[in-house]
């Protein structure tokens, strides 16, 4: 049960993350939002985006560290070792789960909403936020569908 759960969780996060990153990097809503900001707000947006990326990659590093601890435990101390596909998928799951919660819990130094002054800026930010949220959740749904199809392919 643990192996199939780790397989499912890893696929969900991998697909969701890939989808989110692909959409977010080339999304016209994000580009349009940034271009509408005054110059000082564009700089602040870039600072905040850079901080968020840094937090994300720190979380990924912490996830890798937790994964390494798991790998050492499995290699040195566990009597019945996991088979390599499950070991790889469990390691990926640990990494992504730790990364996700690290990012969510880590305190952010600033928020773009602190600089939104006008009703128009507020609406534009809300539009951006909804777009990012929608992209992530659509990616997660695709990941769930992919995991379900993969589970059907490997049923006993």
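The values are calculated or read from the model by the stated rules, or taken from the named source; none is laboratory data. None of the values given here were measured: they were computed from a predicted structure. Here the Cβ is made from the backbone with ideal geometry for all residues, glycine too, and neighbour counts use every protein chain on show.
Looking across 87, 82, one residue alone is surrounded by 16 or more Cβ atoms within 10 Å (Cβ to Cβ), outside any helix (DSSP H, G or I) and at pLDDT below 85. It is 82. Do we have residue 145 as modelled with pLDDT under 85, part of a helix (DSSP H, G or I) and under 17 Å from residue 11 (Cβ atoms) here? Yes; evaluated as a whole, the condition is true for this residue. Residues that are within 24 Å of residue 16 (Cα to Cα), touching a helix residue (DSSP H, G or I) at 6+ places or on another chain (Cβ under 8 Å) and not in a helix (DSSP H, G or I) do occur in the stretch 107-115.
Table: residues versus (1) surrounded by fewer than 17 Cβ atoms within 10 Å (Cβ to Cβ); (2) within 22 Å of the chain's Cα centre (by Cα); (3) within 17 Å of residue 13 (Cα to Cα); (4) in contact (Cβ under 8 Å) with a residue 12 or more places away in the chain.
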residue: 48; (1), (2), (3), (4): no, yes, no, yes
residue: 69; (1), (2), (3), (4): yes, yes, no, no
residue: 98; (1), (2), (3), (4): no, yes, yes, yes
residue: 104; (1), (2), (3), (4): yes, yes, yes, no
residue: 113; (1), (2), (3), (4): yes, yes, no, yes
residue: 129; (1), (2), (3), (4): yes, yes, no, no
